[in-house]
Amino acid sequence: MPQLNPEFFVSQLFWLAVFFTFLFVFLWRVSLPRIATVLEKRQNKIDENLSSAKELQEQAMEIEKKINDRINKAKLETDEKIKETINALQEDVSSQLSSLDKDLEKKVSDAEKEILKSKDDQMKNINNEIANITKLTVGKITEIELSDNEINKVIETHKGSFN
Amino acid sequence: MAAKDSPLKQFEIDPISNIELGGYNISFTNSSFAMLITVLVITLFLTLTVNTRSIIPSRMQLISELMYNFIAQLLSDTVGDNGKRYFPFVFSLFMFVLIGNMVGMIPYQFTFTSHIIVTFALAAVVFIGVTILGFINHGIKFFTFFYIPGVPFYMHPLLIPIEVISYLSRPISLSVRLFANMLAGHTLLKVFAGFVVSMPFFTGVFPLAFIVALTGLEILIAFLQAYVFAILTCLYINDAYHLH
């Protein structure tokens, strides 16, 4: 087996030492720091972007909160206005209703008065008619001329029994 | 030395240029060349793909970042915050073994991770480093690592030697695991490649199809062994911080 031939052991070890040392030093000093910087730069960029995204999110949340507040406020204001309008309308309606009631009452009482007055008038007319009729009837039957006063007296005394 | 058509011939080391230093033969070989390719691939890929340093990565940059995050995650999962300072080492180890294995999957290309001396050297670095780390963190108390609490006292004469042996065999198991996997996989590929040539008529397509499937499996193993090497290194580092 050529591996166990010690002829080139020293040569192998020498060149291994040379090349591996060179590789180690080169990677340690040149290549790995380069990759590390790139990775670090990327991580920084990512962190930066993440933090700015977080900031923006916070701002968005704040704006959303403001919007919600405004919406709530507007809702409350609208509710208040609706209530006020309803109240005002109700008051208006009730005042109009009461004035209508008053008007109606007045009209009713006026009508009642009218009716009473016309009734009285009618009663007076009836009395007169009665007196006239009585005068005429008595004159035709008995040829006695009765004065108006006498007839009225008789009517007054018997008024209760007519009604 | 293996025979000329042996499946083990692929593991033979051929010097590209003969160099000698202080009486030692340090020839630049095909193995060294594979290491050079591996190191070049890793450094160029990790440097060029991240050159733009763009925040939105290109596909290639994404691959580099994925590897980075993969090992970083592995370390933080196994060792925790203490592991960060060993990241360059574990990452280099992982990439070196991974790309070394992958380069070895290129046909006719040498696989340096199939050499026990290479894997053992890597495992020895991990083992010695972790042991030193353990003594730095815990001083003489590091020896309590071999003492398992909550075990009846009469078991300790048996358990402590077992613990010591298992600790000392760590570099061997770590290196042999990688070495044996690579050796077996590449040998198997070569054996079936020999069948493709030697089988009569069209029947050679069957071992060829098997080679295709096996290549997929080998690529999986190449990744898996690099991952195992890295995760065991992480676990050993963790042991150096947290004794039992």
Q | Cα-based helix-to-principal-axis angle, B:30-48 vs chain B, degrees rounded to 10 | A | 70
Q: Taking only Cα atoms and a 10 Å spring cutoff, compute GNM fluctuations for chain B and point out the largest among B:Phe33, B:Phe179, B:Phe202.
A: B:Phe202
Q) Can you work out the FRET efficiency for the pair A:Asn127 and A:Leu100, with r the C-beta to C-beta distance and R0 = 41 Å, to the nearest 0.05? A) 0.55
Q: Just tell me which lysines come within less than 21 Å, Cα to Cα, of A:Lys73; anything on the same chain fewer than 8 places away is out.
A: A:Lys65, A:Lys81, A:Lys83
Q. Once phi is turned into ³J(HN,Hα) by the Karplus curve 6.51 cos²θ - 1.76 cosθ + 1.60 with θ = phi - 60°, what whole-Hz value does each residue of segment A:86-97 show in order, with x for glycine and proline?
A. 4, 4, 4, 4, 4, 4, 4, 4, 5, 5, 5, 4
Q) Among the chymotrypsin sites (Phe, Trp or Tyr not before Pro) within segment B:104-173, which fall in a DSSP loop and have no more than 16 other Cβ atoms within 10 Å of their own Cβ? A) B:Tyr108, B:Tyr147
Q. Expressed as an acute angle from 0 to 90° and rounded to the nearest 10, what is the orientation of the C-alpha long axis of helix A:148-162 relative to the principal long axis of chain A?
A. 50
Q) Any idea what angle helix B:156-168 forms with the longest principal axis of chain B, computed on alpha-carbon atoms, 0 to 90 degrees, nearest 10? A) 40
Q: Only residues of segment A:1-43 count here: report those whose backbone N is under 18 Å from the spot 7 Å along Cα→Cβ of B:Leu21, or say none.
A: A:7-26
Q) Taking K and R as +1 and D and E as -1, what net charge do the other residues with C-beta under 14 Å from the C-beta of A:Ser109 add up to? A) -1
Q: With a cut-off of at most 12 other beta carbons within 10 Å, and DSSP calling the residue loop, which GluC sites (Glu not before Pro) in segment A:92-155 qualify? Please list them.
A: A:Glu143, A:Glu145
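Since every read-out is calculated from the coordinates, none of them should be taken as a lab result. The shown structure was predicted, so the numbers you read here are calculated from the model rather than taken from an experiment. Cβ coordinates were reconstructed from backbone atoms using ideal geometry, including for glycine residues, and neighbour counts include every protein chain displayed.
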